[in-house]
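Enquirer: This structure is in structure tokens; I'll ask about it shortly.
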Amino acid sequence: RFEQGGSGGVPKFVDYINEMIESGALEPEAALPDENLDAVRLMTVHAAKGLEFGAVVLAGMSKRYNLSAGDTLYLHEVTPGRPEAGFTVPDPDEGFTQRPSLVRSILKEIQSAKTKDEMKRLFYVACTRAKERLIFAGVEDGALETGKAVDGCTRWDELLCAAMREADIGEESGD
């Protein structure tokens, strides 16, 4: 609806949003396709949870997990409702180059482990949506040779290969 009124820049858009909030007007929801429709459906893993499909394609298998932390300040809730903060600090022995504080390093490791656990859970959910065929797309060359353990993986293709190694499935076992 905003596009129909022409351009007005950011101030006009903010006014438009405020008017919608005040009036309680909502954009109409998109029509969902019939669940029985024989068609390709593009979905996130979260949206597919609880559903099953004849074939599932997992694309982007070599995309790295997002384990990044901010440059200077890193916030993380170790205990729910109690955020902790870690900073980078200038190191006088290194020309005052910014270095992560011990607290920041610990918080980053905790968050990294939680992210990896969540990515393993999502990978399991994604793999268990297929009834007949599961297709992995975008597996990077060399993923099998990384030798990483499941907990050391930072991409789904590495996780797949590590899980296959741990289960003794693959080329070496003759499966």
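Enquirer: Quick check on my filter: what residues within region 77-96 are open to solvent by less than 60 Å² (accessible area, probe 1.4 Å) and modelled with pLDDT of 75 or more?
Expert: Listed by number, the list holds a single entry, Asp91.
Enquirer: Of all residues in region 112-161, how many are assigned to a loop (DSSP other than H, G, I, E, B) and polar (S, T, N, Q)?
Expert: 2
Enquirer: Right, here's the next one. Would you be able to tell me the number of residues in region 118-148 that are more than 18 Å from the chain's Cα centre (by Cα) and closer than 17 Å to Val56 by Cα?
Expert: 6
Enquirer: For region 142-161, how many residues are at pLDDT 85 or above and among the aliphatic types (A, V, I, L, M)?
Expert: Residues in region 142-161 being at pLDDT 85 or above and among the aliphatic types (A, V, I, L, M): 4 in total.
Enquirer: Here is a follow-up. Determine whether Ala59 is modelled with pLDDT of 85 or more and more than 24 Å from Lys114 (Cβ to Cβ).
Expert: Spelling it out, Ala59 is indeed modelled with pLDDT of 85 or more and more than 24 Å from Lys114 (Cβ to Cβ).
Enquirer: Oh, and also: Looking at region 139-157, can you tell me whether even one residue there is in contact (Cβ under 8 Å) with a residue 60 or more places away in the chain, in contact with an Asp or Glu (Cβ under 9 Å, 6 or more places away or on another chain) and either open to solvent by 40 Å² or more (accessible area, probe 1.4 Å) or among the β-branched types (Val, Ile, Thr) (or both)?
Expert: yes
Enquirer: Which one of these does Ser112 not meet: (1) without any contact (Cβ under 8 Å) to a residue 40 or more places away in the chain; (2) under 18 Å from Leu67 (Cα atoms)?
Expert: Tallying (1) without any contact (Cβ under 8 Å) to a residue 40 or more places away in the chain; (2) under 18 Å from Leu67 (Cα atoms), Ser112 fails exactly one: (1).
The values are calculated or read from the model by the stated rules, or taken from the named source; none is laboratory data. It should be emphasised that the depicted structure is a prediction, and the values quoted were computed from it without experimental measurement. All Cβ positions, glycine included, derive from the backbone under ideal geometry; neighbour counts span all protein chains shown. For accessibility, only protein heavy atoms count, side chains too; no ligands or nucleic acids. Shrake-Rupley method; radii C 1.70, N 1.55, O 1.52, S 1.80 Å.
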